[in-house]
Every structure is written in C-alpha cells, then in structure tokens.
C-alpha cells in the first residue's frame, strides 16, 4: 500500500484527500500474528488499517487498528495511537469503546485492539433518515453525555466529538446503544501534550470557539460539540453549514448560532434553550459539566416519538468540502457585524493564513483517515474507525 496526498477541486475550493493505491500487502510482524489471527480487513486509512482479528489464546474477536511500519517512525503518529489507547482504557464506560491491548512492534508498526462493534454511526443515520424527533435525539444525547462525563471525570477531553464518531449498536436487545469512538485527538491529563500551543485541531463544524483559536481546551469544548450534535439531530443541519472553511471558523468564534427552533419549530422550548446554552461562545456560560448537561436533557419531556420530517444536507458532501483542506484564495470571511469582525480577525488571521501552506502540511497532520467512513461504502457497516485529525492548522 502507498498513500499519496492529492489536491482536488471541489465546489468550495480545494480538499486534501489521502488516497490508497493498491499494492502487495506487506507481511505483518510475527509478534502480531503470534498473538492474533487476522480474519479480514474491515477498514483502512492513510496511515493505518483496521482488521477483524481473533486473539490466539483467548479466542475473542477484536477490531485491530494497525499503524503501518513506514509511518511508525513518526513520534506523533505513535503517540496519538498510544493516547487513544490510554484515553479509552481510562473511561471504563459502557458508552466509550473498550480498548483491550496496545503494543509497539520491532518493525516500527503499532496496534491497538478494541472491542469489535457492528452498527451504524450517527452521521450515517442522519444522512439517510433525516432529522430526529426530540425523544430519539434525547436518548442518544443522554448516552453521549454520560460517556463524556466518564471521560472528563478521568481527565480526558475528547476534542473530536461529531456524529461520525458516535456509533449506534444493538446491546442486550436494545437498539441505539451509544459508543464513542476515535480518541486520537484526546487531551489526557498526565500525558505530555503533543499539540503545540496555537495549533487548532478538530472538525470545523463541531469545534468550539476556543478550539478554533488554538486556545487551551477543557470539558466545555466537548459540551459545545455535543450541543452542536444535538442541534444537528433535531434541526437536520449544523448551525454554520454553508459558509466555507474559513467562514465556519470565523462564525464559530464570533457569530451566534441561529435559533434551533427556526429549523425545528416543534422542539420543546426548554430543549431549544438548553441547546443554545451549550453553544454559548463563553465556556463559562455552557452547562458546567457533562453530567449537568445530561441531567438537564433528561428533565425535558418528549412531546412526540415521531421524527420531525426535516431533511438534512448530506453530511458527507458538506464535511468532505471543509473537513481538511488548505485555504483557497477565493474563500472569504462571512458577513459579520463590523465590531465582531475586527475583534476576532487579528486572532483568526494567523490560523487561516497557516492553511495556505497547502497539502503538505495537511497530509503530515492527518495521522489516520476515518476507516469507518471508508468502510461505509461497502458492507459490512462500520465497526471501529482509525483516528482522524480532520484539521490541523498552525498559526505559526
């Protein structure tokens, strides 16, 4: 396998796509094959591959995420994989994917073994089924909040919460049990940071204002992301949908989100107020903790179990245009009130300018593409996905 960063035209400008070229598969290290029987490949990305495998001694099937040897020389790639393993193993939550094993191999490759899950990610659910009614959205959001509360209580901030990283599975005969995936961008207390100050990491549509500016982040950043996901579930769209990449960053920092009831008029008023509170620009104005957010969600009654009937723009089209790309010259900031525009422009300008470094910077920052996203194009449904670094822009 070889990976190439290819710059492609899109409607919004340019996008960086890591494209896999078919080549003879390199043999796996004997230390790995001595512990696991490799059954099939279920996903792949720019620097990694996910296998369905079986532990030789225990007989348990797992999802095995492997970083290829030629990328193992990158200290950051290996550290992000290790960080993902540490973050998930700390959680001990039924709503966070369970990590069972981690190792770095003599040939430079590394792997983590996770519980094998079969289900549908929330992004696909919304793409194919449209917006959800409050009852369904509340049930999913509550589980996400409980998973985040477990992570936060153990010193972990997810930093890349989005529908694609929320897997819906069936457990004990109950549908839509939530599992949070992809902790490769997580901030973990007690683990040395590898993100340089001023580096913005995340997926633009779900990034908090402080995250867009490259400021230090805490649990409030995940609460903002959950507010965005909840908004999307009931409204059929994210708050800032068609502004283009730099416009989304600027709007996240300075523009109030449109009232969710514009798109979901049947939503209970208490639910709308809670969602808009989670999207406050000031972290101090959001729910104080994920547990508080969960309690507030649970207190809002569901008027109907039906779907809202609102349809959404396919998230794949939107995110593929903006998730990871250098800034196109034709892109412009959205129309903002003058005071708001100039207040934040000085801080956003270095971040946006850094995007102009082009595909090389982006390709170097993307540690592993979202294997579940690729696996969705063919059966079986996504299981566990390699970590993604959708945006990595350094203001210098």
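The values are calculated or read from the model by the stated rules, or taken from the named source; none is laboratory data. Worth saying up front: this structure is predicted, and the values here are computed from it rather than measured. Don't worry about glycine lacking a Cβ; one is built from the backbone with ideal geometry, like all the others, and counts go over all protein chains shown.
A few points about this structure:
- For region 256-270, a residue qualifies if it is buried (at least 22 other Cβ atoms within 10 Å of the Cβ) and closer than 26 Å to residue 210 by Cβ, and exactly one does: 260.
- Residue among 230, 201 that alone is under 17 Å from the mean Cα position of the chain (by Cα), part of a strand (DSSP E or B), closer than 26 Å to residue 95 by Cα and in contact (Cβ under 8 Å) with a residue 24 or more places away in the chain: 201
- Counting the residues of region 148-166 that are under 8 Å from the mean Cα position of the chain (by Cα) and assigned to a strand (DSSP E or B) gives 0.
- Total residues in region 116-141, condition crowded, with 19+ Cβ neighbours inside 10 Å, in a loop (DSSP other than H, G, I, E, B) and out of contact with any strand residue (DSSP E or B) (no Cβ under 9 Å at 6 or more places or on another chain): 3
- Some residue of region 150-168 being more than 25 Å from residue 210 (Cα to Cα) and touching a residue at least 12 places away in the same chain (Cβ under 8 Å): yes
- Here 219, 268 are screened, and the one residue that is in the same structural domain as residue 146 (by TED's automatic domain parsing) and more than 20 Å from the chain's Cα centre (by Cα) is 268.
- So residue 148, is it within 16 Å of residue 238 (Cα to Cα) and either in contact with a helix residue (DSSP H, G or I) (Cβ under 8 Å, 6 or more places away or on another chain) or not assigned by TED's automatic domain parsing to the domain that holds residue 209 (or both): no
- Qualifying residues in region 47-59 (those that are out of contact with any helix residue (DSSP H, G or I) (no Cβ under 8 Å at 6 or more places or on another chain) and touching a residue at least 40 places away in the same chain (Cβ under 8 Å)) - the one farthest from residue 106 (Cα to Cα): 52
- Counted residues, region 165-191 - those being buried (at least 18 other Cβ atoms within 10 Å of the Cβ) and at pLDDT below 95: 8
- Residue selected from region 88-115 under the condition closer than 22 Å to residue 52 by Cα, in contact (Cβ under 8 Å) with a residue 60 or more places away in the chain and crowded, with 18+ Cβ neighbours inside 10 Å, by the criterion farthest from the chain's Cα centre (by Cα): 109
- Top-ranked residue of region 241-254 - restricted to ones that are outside any helix (DSSP H, G or I) and crowded, with 21+ Cβ neighbours inside 10 Å, ranked as modelled with the highest pLDDT: 244
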